Every structure is written in structure tokens, then in C-alpha cells.
Amino acid sequence: MLRLTVVVPAYNEAAVLETFHARLSDVLDVLPLEGRALYVDDGSADSTWDIIASLAARDARVEALKLSRNFGKEAAMTAGLDEADGDAVVVIDADLQDPPELIPALVEQWRAGYDVVYATRSARAGETGFKRFTSAAFYRTMEKLSDTPVPRDTGDFRLLSRRALDALRQLRERQRFMKGLFAWIGYRQTAVRYERDPRHAGRTKWNYWRLTQLAMEGITSFSTAPLRLATWTGLSASLLAFVYGLWVLTKALLYGDPVRGYPTLMLVILFLGGVQLLALGVIGEYLGRNYAESKQRPLYFVEERRSAGGR
Ligand code: UDP
Ligand code: MG
């Protein structure tokens with residue numbers, strides 16, 4: 001029988017874990033697969049680990065992993081994905097914002113041949129208008145700047161096939177923006193829509209500061225556009241300086257200048273400013289290449305191979 005591992009990162013989720021597991025178990029019971037749950041305690045300060053440990057003692061389908069401290073959700077997910085050994089994995093939040101009841105729909109798409117099945121939320125209950133606005137702005141920026149578009153309104157709730165998981169595991173970069181990495185590996189991807197519920201209990205671990213950091217991480221690990229900024233401002237500044245300088249010079253030559261030294265001073269300042277920005281831009285370009293290299297991402301993944309023999 002095919003095996004499915006459900007990876008659940010949990011940080012201070014004592015208030016919801018029992019309810020979560022009850023709902024997940026009901027789903028695992030009816031799945032036509034051998035379903036397992038892998039809980040990753042991301043260095044919680046409350047009784048999360050005790051609950052996970054007791055679940056593992058009670059239920060043979062539960063595996064538990066405890067990180068040595070709080071490393072953040074991206075790292076907790078990575079730990080779970082590294083540990084998971086199924087024919088497919090599902091990543092799901094512990095707070096019941098991602099309904100476990102959607103897992104059969106994800107599995108169905110996987111059986112239909114998709115490698116990455118992500119759950120796209122059509123409603124965001126319990127979130128403020130401001131959060132919706134900032135999140136929309138973020139996705140729009142990512143679409144513009146990055147060459148691996150991150151699907152909109154998609155959290156980390158998704159299913160990965162074995163080969164997608166193997167591909168993802170080869171991405172060992174330190175700065176991990178998982179939503180981007182999931183998209184980057186390619187293969188056949190599809191979406192399943194659902195209504196996102198408000199958090200069942202407990203509090204969100206994200207505040208605007210952490211969300212801003214995550215957004216910066218997304219933009220800087222999937223695009224070197226910010227580094228290019230210096231090149232373009234440098235180029236336009238130099239160009240403007242050149243035109244303006246010519247004008248100041250001609251004016252000074254034709255009519256003389258009432259303020260002595262002004263034309264030369266202006267020329268020198270504008271010229272040097274432009275050149276400095278340009279030089280920074282050049283450094284930025286090399287830095288961008290260096291950055292891409294240092295991520296050590298694989299160059300490609302092969303999805304399929306055919307030969308005359310037709311195997
Ligand atoms: N989480 C984690 N480590 C952290 C923060 C969050 O493992 O440092 C887990 C958390 O327990 C939950 C999921 O990541 O299962 C999503 O977190 P949360 O609900 O706080 O985020 P939101 O849904 O508000 O974006
Ligand atoms: Mg949540």
C-alpha cells in the first residue's frame with residue numbers, strides 16, 4: 001500500500017494539538033493509503049512536546065521530532081520533510097487553519113499524476129483587511145521581480161510526491177523561503193481551492209515584523225533585482241549629470257558665471273556621484289552572481305526520459 005506522511009510543524013500549539021490530531025486521525029482512517037503523522041516540535045515553551053509524545057505513545061501512526069530550540073517554521077518544515085519517508089508528503093499547519101479534511105482532495109490530484117498539489121485559499125476568514133492588502137502587495141511584487149512566480153494566496157499546505165520531495169531535499173540553502181522553493185522545483189503542479197478557517201485556538205506566531213522579514217527573505221532569495229537598483233540609478237544619475245553638466249558649462253562659456261567655481265564644482269560632484277553609483281551597481285551584479293552560486297541549487301531536475309526502445 002502507498003504511504004503518506006503528514007508533516008505538522010508545531011510551535012506552542014498545546015491548545016489545539018489534541019483537536020488537530022483527532023481531526024487528522026479521522027481523515028487518515030478513511031484514506032485509501034497508509035497514512036502517518038509526523039509532528040515536529042519547533043522548540044515550544046509550553047506543553048506541546050508532552051502532548052506530541054503522548055500522541056506518539058497512544059497512536060502507532062504518530063512519529064515525533066523535537067528540535068533543540070525554536071528555529072522558525074521554515075526550518076521546522078525542512079526537518080519534517082527530511083525525516084519523512086512516504087510515497088508522498090503533506091505539510092499542514094497545526095492550528096486547523098488548513099483543514100485536514102482537504103487531504104483526500106490533495107491525494108486525489110496526486111493519484112491523477114500531479115507532483116505538487118497546493119491548497120489555495122479562496123477566503124481568509126479572521127484576517128484583517130490590512131493583512132490581506134499587504135499580502136496581496138507581496139505576491140504582486142514577487143510576480144514582478146522573481147523568475148519563479150509563487151502562487152498567490154497559497155500557504156505551506158500542500159502535497160509533494162516522492163520525486164518532488166527528493167528534489168526539494170537537494171535545496172540546502174540557508175535562507176529558506178519555502179513557498180518559493182516549492183515553486184522552484186517545477187514538475188507538474190496544480191491547485192485545490194478551499195476556504196481558510198480562522199485559527200482554532202492559540203495565537204499566531206507571526207507579527208508584522210516577522211512577516212516583513214519573511215517577505216524580504218522571499219524577495220532577496222528569489223531575485224537579485226534590489227542589487228540591480230544601484231546600476232540603474234547610477235546610469236540615470238550619470239546621464240542626467242552629463243546633460244546638466246553640459247548645460248552649466250555652455251552657459252558659463254557663453255555668459256560667464258556670477259558665482260565663481262560653481263560650474264566646475266557642480267560638474268565634479270555630479271560626475272563623481274554618478275560614477276560611484278555605477279561602480280556600486282557593477283559590484284552588485286557580481287555579488288548577485290556570487291549569491292546565486294553560493295546557494296548551490298541544482299541546475300535542473302529531469303522529469304521524464306524517453307528513448308527509442310520506449311521503456
Ligand atoms: N510554527 C513553527 N515555528 C515557528 C512559528 C510557527 O513551527 O517559529 C508553526 C505553527 O505551530 C503552525 C504553523 O507554523 O503550525 C503556522 O503558524 P501560525 O499559525 O502562527 O502562522 P499563520 O497561520 O498566522 O500565518
Ligand atoms: Mg495559522
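The values are calculated or read from the model by the stated rules, or taken from the named source; none is laboratory data. Keep in mind that this is a model prediction, so the values were computed, not measured. Positions of Cβ are backbone-derived with ideal geometry, glycine not excepted, and every protein chain shown enters the neighbour counts. Side chains included, ligands, DNA and RNA excluded: accessible areas come from the protein's heavy atoms. Shrake-Rupley method; radii C 1.70, N 1.55, O 1.52, S 1.80 Å.
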Cβ-Cβ under 8 Å, sequence separation 6+ or interchain: first residue in the range 20-48 and within 16 Å of ligand 2 (Cβ to nearest atom), partner of a type in the set (Ser, Thr, Tyr). Which pairs? ASP42/TYR11; SER44/TYR11; THR48/TYR11
Tell me, which residue of the range 191-201 that is modelled with pLDDT under 75 and open to solvent by 50 Å² or more (accessible area, probe 1.4 Å) is nearest to ligand 2 (Cβ to nearest atom)? ARG199
Every residue from the range 5-36 that is in a strand (DSSP E or B) and under 22 Å from LYS205 (Cα atoms): VAL6, VAL7, VAL8, PRO9, ALA10
One residue is enough: does the range 95-114 have a residue meeting the conditions assigned to a strand (DSSP E or B) and either aromatic (Phe, Trp, Tyr) or in contact with a Lys or Arg (Cβ under 6 Å, 6 or more places away or on another chain) (or both)? no
Filter the range 89-124 down to the residues that are surrounded by fewer than 16 Cβ atoms within 10 Å (Cβ to Cβ) and either within 22 Å of the chain's Cα centre (by Cα) or without any contact (Cβ under 8 Å) to a residue 60 or more places away in the chain (or both), then identify the one that is nearest to ligand 1 (Cβ to nearest atom). ALA123
Selection status of VAL91, within 16 Å of ligand 2 (Cβ to nearest atom) and of a type in the set (A, V, I, L, M, F, W, C): yes
Residues of the range 150-173 satisfying the condition of being open to solvent by less than 10 Å² (accessible area, probe 1.4 Å), in a loop (DSSP other than H, G, I, E, B) and within 16 Å of ligand 2 (Cβ to nearest atom): none
